[in-house]
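Chemist: Have a look at this one before I ask anything.
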Ligand code: RTP
Ligand code: MG
């Protein structure tokens, strides 16, 4: 299996619930290493640009409003198969449909306030890591 990096965001609802540590612990106990992290309060421009792929979708405005409603914790996770592994730990987008024991099943309230973001493939992972941690590009492949 390939060592990958993926971009993870603990969204404003989960930061407000004070469960950053509990979510980090799930990453770590499942073989994902936190290799970069920062807390940020995104501007509307940053959130809109980050989720630009969804800009024609009906939920785009609500998604941006939610993502700027409070601080977020942003991290790069590294490990075997990290992209799919993180998505598995997150659970389905709608927490009501998420498998028991997943982050969204345990910490999320709704499809809008769904606790975490994770890159959905190798191409988006690369773009998203560079979006928040541009300096990491220099060292990719190390
Ligand atoms: P994310 O990008 O945040 O990791 O979530 P995801 O891949 O599981 O879901 P995605 O399809 O990329 O959608 C991004 C975020 O938009 C909100 N959403 N709302 N009301 C709706 O039908 C709907 N669909 C998506 C969710 O908050 C989702 O996390
Ligand atoms: Mg997505």
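Chemist: Looking only at segment 10-46, count how many residues are without any contact (Cβ under 8 Å) to a residue 40 or more places away in the chain, out of contact with any strand residue (DSSP E or B) (no Cβ under 9 Å at 6 or more places or on another chain) and within 16 Å of ligand 1 (Cβ to nearest atom).
Modeler: Within segment 10-46, residues that are without any contact (Cβ under 8 Å) to a residue 40 or more places away in the chain, out of contact with any strand residue (DSSP E or B) (no Cβ under 9 Å at 6 or more places or on another chain) and within 16 Å of ligand 1 (Cβ to nearest atom) number 1.
Each row is one residue, and each column tells you yes or no for (1) surrounded by fewer than 17 Cβ atoms within 10 Å (Cβ to Cβ); (2) touching a residue at least 24 places away in the same chain (Cβ under 8 Å).
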position: 67; (1), (2): no, yes
position: 77; (1), (2): no, yes
position: 83; (1), (2): no, yes
position: 86; (1), (2): no, yes
position: 91; (1), (2): no, no
position: 108; (1), (2): no, yes
position: 115; (1), (2): no, yes
position: 123; (1), (2): yes, no
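Chemist: Can you name the residue in segment 73-96 that is within 11 Å of ligand 1 (Cβ to nearest atom) and in contact with a helix residue (DSSP H, G or I) (Cβ under 9 Å, 6 or more places away or on another chain) and is also nearest to residue 134 (Cα to Cα) among such residues?
Modeler: Checking each candidate, the answer is 86.
Chemist: Which of the helices (runs of 4 or more DSSP H) contained wholly in segment 39-142 include at least 2 residues that are more than 21 Å from residue 20 (Cα to Cα)?
Modeler: The qualifying helices (runs of 4 or more DSSP H) are 44-50, 60-67, 122-132.
Chemist: For segment 108-125, enumerate the residues that are touching a strand residue (DSSP E or B) at 6+ places or on another chain (Cβ under 8 Å) and either away from ligand 1 (no atom under 12 Å from the Cβ) or modelled with pLDDT under 95 (or both).
Modeler: Once the filter is applied, which keeps residues that are touching a strand residue (DSSP E or B) at 6+ places or on another chain (Cβ under 8 Å) and either away from ligand 1 (no atom under 12 Å from the Cβ) or modelled with pLDDT under 95 (or both), segment 108-125 yields only 122.
Chemist: Does residue 59 satisfy the criteria of being without any contact (Cβ under 8 Å) to a residue 60 or more places away in the chain, crowded, with 17+ Cβ neighbours inside 10 Å and within 16 Å of ligand 2 (Cβ to nearest atom)?
Modeler: Answer is no for this residue.
The values are calculated or read from the model by the stated rules, or taken from the named source; none is laboratory data. This one's a predicted model, so the numbers in the text were calculated from it and none came from an experiment. We place every Cβ from the backbone using ideal geometry, glycine too, and count neighbours over all the protein chains shown.
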